[in-house]
Structures are given as structure tokens and as C-alpha cells.
1. Using just the helices of the chain, give the 222 nm mean residue ellipticity in deg cm²/dmol: DSSP H runs with n ≥ 4 each add -39,500 (n - 2.57), and the total is spread over all residues, rounded to 500.
2. Bin by bin, in steps of 10 Å, what percent of the Cα pairs in the range 22-207 do you find, going until the bin that has the longest distance?
3. What is the distance in Å between the Cα centres of the range 63-79 and the range 88-106?
4. Would you mind giving the average projected area, over all directions, of the Cα convex hull of the range 37-114 in nm² with one decimal?
5. By how many nm would the segment from residue 65 to residue 32 lengthen if fully extended, with 0.36 nm per residue of separation less the alpha-carbon distance?
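Every read-out reported here was derived from the displayed coordinates using simple, explicitly stated rules and does not represent laboratory data. In this text, all values refer to a predicted model and were calculated from it rather than measured experimentally.
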């Protein structure tokens, strides 16, 4: 949490020297975070692959549908070249909504979710933000994603699970998505997913499948 806070305070890393590469990867953060938390992971991905990375930031009191629309607009603005998505926690659910409900599956080749509560999480029970309503167990958003999974069947989906997750409860919720390639990382916590070298390697591997 402290490392995540320092990255958020420092702001976006300057990766402009890598602009103009083939392909794009858009990163969508989780609740109460912002784009800079992906700084170390983005640097690793750009060092390993011929892509330009783009973080999408949103506010903790935005509406879920509005965040998904912002993701749609961000992908539309990228122009030519293949696009992949990486979403941490709530960000993975936003990415799935974009793919299945806003036509994103026609533009995106791969999705990697990191500790995303596909079956909800009990930790979202407090009504502190409209965003959390989307990831409560049994929410209309999760039900619609489950029922409409076929709309994004052409998008290769890898779901990474943090075995010691205390924010996505139970951790197995992060594996509860049809037809996904699931990888468990034992002993890893929720926010540690953003900084662990094993996760970095699995993200790169998933983006080259």
C-alpha cells in the first residue's frame, strides 16, 4: 500500500521515448488507486515487448458505466495497431464490461486481469462509492458479465489470482470467469500483484500468447 501511494504521489512516469511502437496495452487500475501504480509493470512490459503502454485513471466516486465509457474513448483514440488490456481488481471488471457491452471485443485481442473479483468480493459491502456496487457478490454488473461472456469469446483472457488476497474474498473469485486461462500466485496479496516479478513475467507471457 505504501509503495502504491508513493507512485500515485509521484505521478505518471515518462515513457515518451518508446512512443511509436507497434501495438498498445491499456492498463486500468483498481478502486482508490490511479494510473501511476502501474509504473513498474508498464516499464517491464515496454522493455519486453514492442508496445506502447497507456494508463487509464478514474476517480473513486465515478459511476461504473462512465469509467467503462472512458476506457472505450481511450482505446478509440489510439488509432491503428493491435490493442490489449490489463486490469487490476475493479479495473479488470471495467475492462470486461467494455469488451462485452460497449463493442470492445472487436478492437481488443487480449485481456489480462489481476486479482479481479469476477464473482464479487465481500470486501465491497460498504456503500462508500457507486463503483463498489458493481463488484458486490450477485451484483447486476457481474450477472450480466457472466451471462454475456460469449460476446468477448474471441478475446484471449488470462486471469491471475493472488493466493493470499484479503481484498478479493474469497481469492477464488479472481478465477471465476468462463474460458479464461487461470494462473494462481501463492502467498501473494492484492496490491502486491502490481509489483511482483512473477506477475510481470506472467503478464508479458499472456500478452504474447
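1. -9500 deg cm²/dmol
2. Values per bin, smallest distances first: 10, 43, 39, 8, 0.
3. 10 Å
4. 5.1 nm²
5. 10.2 nm
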